[in-house]
Amino acid sequence: MHHIILDDETDFDGWRKAARALALSDVKPSDVTWRIAGDAPELFEPAAPPLEPPPGTFNVPARFVELAEMAILHRNPERFALLYRLLWRLRQNHDLLDIATDPDVAEVAAMAKAVRRDEHKMHAFVRFREVGREHTSHFVAWFEPEHHIVELAAPFFARRFADMPWSILTPDVCAHWDGHAVSITPGVAKSEAPTADRLEETWRRYYASIFNPARLKVKAMQAEMPKKYWRNLPEASLIKPLIEGAERSTSAMIENGATEPHKAQKRPEPPMVRRKGQDDIETLREEAADCRACPLYKNATQTVFGEGPQTARIMLVGEQPGDKEDLAGKPFVGPAGQMLDRALEEAGIDRSTVYVTNAVKHFKFVPRGKIRLHQKPNTPEIKACRQWYERELAAIKPDLVVAMGATAAQSVFGKITPINKNRGHPIDLDDGTRALVTVHPSYLLRLPDADAKAQEYRRFVQDLKIAADMLRKSAHAA
Ligand code: URA
């Protein structure tokens, strides 16, 4: 029996070295035990001399190394043994990883996926609290990761908060950034984490301002922000009253009775038969959460996927999430979103019936002090993200896609498409869907001249009215 002792929970190099030596010595997986230094030894575990690898080499697919590096961060205590068993079997069957139904392959893949998901949750739910003031201030966060992901997730925070010193405390290990390097120290008790600060109220006010009761979906909200994270979020204390408030206003609306919508605003009946999409939007959203198709995921907080009913007949496409969308994880909730909401309402389109998305699903920015300045996505980034737009289109199968701005138009038409030349009239896409090109609402926000702004806003509403009319006509014809 061989008893392998690894340095710590995330000692991939130690595991790799031992696994290589064991495999080259033809040691069967059932003849090995694995533990972490400091954990209780096996009963009758003799002090063993380090295993010396015999000469020789063997290859495993690069995919296995990537998978093992992720899966080893899972909290499953059997992970070292499971990975060694998979390595052992890969030597006999080089293509084993292609057999997704194999129990070992499936378990390791699920573990790697859970680790990536946990990393994503950490990026989204760490909240720093300021300790000390001005020149001596330091930002400290408490987080309880599900898996051993602190070292994996830390570079994201170093890039994102490059010019503020921070520490992320967890029960496993703590990560610290001093402006130059990340250092890792042993874990601490929750009592060592600060609980309140002057930034907290700002964050709570911001959260309350982006909470939209008309679009409240408690289940989706809980799926994205599971309850176990609430206790460490400053905005958590707002969630319950905001949900209850939304329920109260809904009940009040029911008690007051329905108001007849203005004629022009009456929504057409949905057609009887809806074509079914390939993918379910929720499945796509989950998949896209781990997207690394271009480098933008590195600095963004999270993927901001499209939102709206799968039965939507209009799909609105913007450019990319902005600062507020990046934090909230929802498209068009910031100033451009408010402008869009207003214009949709004036055009007689109920936003809750349309699917809203972006050509690029990660926020691209450059940090300027505490501000994150929006950067226009480039062609490789638009192309890398187009797969998501295509799959959203296939899932929703809208009657009309509205491309707002140049980036959206480039994604929708698959090539650079000038706005002014193509604006304001329906264009048939290759797959039979119709598209309408218009400006991006942020363009209206940026116009310095008030008259020009008012005039351009009217044109934007006019374009959206064309969309509303087209739908009304197609519904009558159906
Ligand atoms: N601008 C966009 O294009 N999309 C958003 O979600 C927000 C601002």
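The values are calculated or read from the model by the stated rules, or taken from the named source; none is laboratory data. Source: prediction; values computed, not measured. With ideal geometry, Cβ positions are generated from the backbone for all residues, glycine too; neighbour counts draw on all protein chains shown.
Does VAL304 count as within 10 Å of the ligand (Cβ to nearest atom) and either in a strand (DSSP E or B) or modelled with pLDDT under 95 (or both)?
Details: within 10 Å of the ligand (Cβ to nearest atom): yes; either in a strand (DSSP E or B) or modelled with pLDDT under 95 (or both): no.
Answer is no for this residue.
If we scan region 413-428, do we find a residue that is buried (at least 20 other Cβ atoms within 10 Å of the Cβ), of a type in the set (Gly, Ala, Ser), within 28 Å of the chain's Cα centre (by Cα) and in the same structural domain as MET470 (by TED's automatic domain parsing)?
Looking through region 413-428, none of the residues is buried (at least 20 other Cβ atoms within 10 Å of the Cβ), of a type in the set (Gly, Ala, Ser), within 28 Å of the chain's Cα centre (by Cα) and in the same structural domain as MET470 (by TED's automatic domain parsing).
Does region 35-46 include one or more residues that are at pLDDT below 95, aliphatic (A, V, I, L, M) and out of contact with any strand residue (DSSP E or B) (no Cβ under 6 Å at 6 or more places or on another chain)?
There is at least one residue in region 35-46 that is at pLDDT below 95, aliphatic (A, V, I, L, M) and out of contact with any strand residue (DSSP E or B) (no Cβ under 6 Å at 6 or more places or on another chain).
What is the residue count in region 396-424 for residues that are more than 15 Å from the ligand (Cβ to nearest atom) and of a type in the set (Ser, Thr, Tyr)?
Total satisfying the criteria: 1.
I'd like the residue in region 316-369 that is under 14 Å from the mean Cα position of the chain (by Cα), of a type in the set (A, V, I, L, M) and assigned to a helix (DSSP H, G or I) and, out of all such residues, is nearest to the ligand (Cβ to nearest atom).
If we take residues in region 316-369 being under 14 Å from the mean Cα position of the chain (by Cα), of a type in the set (A, V, I, L, M) and assigned to a helix (DSSP H, G or I), then ALA328 is nearest to the ligand (Cβ to nearest atom).
Answer yes if at least one residue in region 442-452 is of a type in the set (Ser, Thr, Tyr) and within 16 Å of the ligand (Cβ to nearest atom), and no otherwise.
Just the residues of region 442-452 that are of a type in the set (Ser, Thr, Tyr), to begin with: 442-443.
Filter again for within 16 Å of the ligand (Cβ to nearest atom), leaving 442-443.
Yes - at least one qualifying residue is present in region 442-452.
For ARG372, all conditions in the list (1) within 16 Å of the ligand (Cβ to nearest atom); (2) assigned to a helix (DSSP H, G or I); (3) farther than 26 Å from GLU282 by Cα hold save one; what is the number of the exception?
Every condition holds for ARG372 apart from (2).
Which members of region 156-186 meet the condition of being under 16 Å from THR10 (Cα atoms) and surrounded by 13 or more Cβ atoms within 10 Å (Cβ to Cβ)?
THR170, PRO171, ASP172, VAL173, CYS174, ALA175, ILE184
Output the residues belonging to region 335-345 that are more than 20 Å from THR311 (Cα to Cα) and buried (at least 16 other Cβ atoms within 10 Å of the Cβ).
ALA336, GLY337, MET339, LEU340, ALA343, listed by residue number.
Need the failing condition index for LEU393 against (1) away from the ligand (no atom under 13 Å from the Cβ); (2) assigned to a loop (DSSP other than H, G, I, E, B), just the number.
The failed condition is (2).
I'm told THR379 meets every condition in (1) surrounded by 12 or more Cβ atoms within 10 Å (Cβ to Cβ); (2) of a type in the set (S, T, N, Q); (3) away from the ligand (no atom under 16 Å from the Cβ) except one. Can you identify the failing condition by its number?
Of (1) surrounded by 12 or more Cβ atoms within 10 Å (Cβ to Cβ); (2) of a type in the set (S, T, N, Q); (3) away from the ligand (no atom under 16 Å from the Cβ), only one is false for THR379: (1).
Do we have THR357 as surrounded by fewer than 20 Cβ atoms within 10 Å (Cβ to Cβ) and either free of Cβ contacts under 8 Å to residues at least 12 places away in the same chain or farther than 18 Å from LYS121 by Cα (or both) here?
No.
Here is a check on your reading of the model: is ARG434 away from the ligand (no atom under 16 Å from the Cβ) and within 30 Å of THR283 (Cβ to Cβ)?
The answer is yes for ARG434.
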